[in-house]
Amino acid sequence: MGINIPGFIRIKEDRKKLGFFKIFQTADLSSESMRAFPYKFIRKVAKKDFSYKMVLKAQWGTSWELEVSKNPRFYYMEKRGWDHFVSDNVLGRNEFITFTHKGKMRFNVNIYEQNGVEMRIPRKHQTMGSSSGIKKEQGESSLKDVKKEEETDESPGRVEIDTRKKKTERSNISTKKMKSKKVYNAVERGESSRGAELKARKKKKAELASTFKKKKKLKRKRAECTDREFRITIRTSYLKFLAIPMEFVRYIPNESTMFTIRHPNGETSWKVLCLVRNKRTIFSRGWSRMAREYPLLIGDICTFKLINPTELLLVISKKAKKTKNKFHTMIE
């Protein structure tokens, strides 16, 4: 057995039609982003429909006319008509509103309050029929009669109602002030957090720059190159092979060559292969033997002086302390 509740049937039919929704919870309900049409919705609307004025019609029969404009990015509803729609329905309390397209830019509007209940009657009767361009389709005479009764009624009951009304108005004003204060505080907090984030980024950037300078300085200390000589501090990896500083490479042949490395005593020397590669030049075969026999220790400050095109004199200006490990496998 099918469900025949009118509201359910309407929702079921509306699902077949083109539409979109908006949630009225932003501080600026008149912003362009709030008045903009969803991009996917505009793509599905026939171009000929844009020749008509946009009309929003509420469930109780009231309607609003709005102009539609376009900027380079999107279509949007003009501020004047939109503001009338928002003001006449007292929107901005987290309402969920659906806009169902009926064709020719005519939309059925369904307003759901924060508690999820659909609004079936307008919130603000006295603004309906103002110069906002609202078209009344029902209830004009009844509203006039009610207004006359309110003006002539001076009974105690009426006085009590007026008192309650004034209290409610004062309460609404205080609530609005509190909301505006919260928004202002939120903006301030947002600005302060952004400022703190920028400071943190600058600090991190300065620390990275300082670290880079220290590393560069340390690297310069490990390998200093002057005219026809270079100086390094021995590390663990240098006991296996030695990368020759790029600044010194220009003084040696640009192809792999056997070098003679001499001890300052003038009696001892070693043959070491200088291996030339695309990215770097290294002492490879024979180097580890030389490092063991010289011997070289981690922390030694070594100066290599070019005495002939393929001859180097190795002098240790600061000898590291010997350890019990005779193979010098200290960890740097």
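Measuring between alpha carbons in the structure, the pairs from Lys102/Lys176; Lys271/Lys319; Lys79/Lys167; Lys240/Lys305 lying more than 30 angstrom apart are Lys102/Lys176; Lys79/Lys167.
For Val117, the shell of other residues with beta-carbons less than 14 Å away shows a net charge of 0, using +1 for Lys and Arg and -1 for Asp and Glu. Between Asn254 and Asn115, the distance separating the two model label sites (each 7 Å from Cα on the Cα→Cβ line) works out to 8.8 nm. Once the C-beta distance of Lys104 and Lys166 is scaled by a Förster radius of 45 Å, the resulting FRET efficiency is 0.50 to the nearest 0.05.
Values quoted throughout were computed directly from the atomic coordinates according to the rules given, and no laboratory measurement underlies them. Small disclaimer: the values here were computed from a predicted structure and weren't measured. Neighbour counts are summed over all protein chains in view; Cβ atoms, including those assigned to glycine, are modelled from backbone coordinates with ideal geometry.
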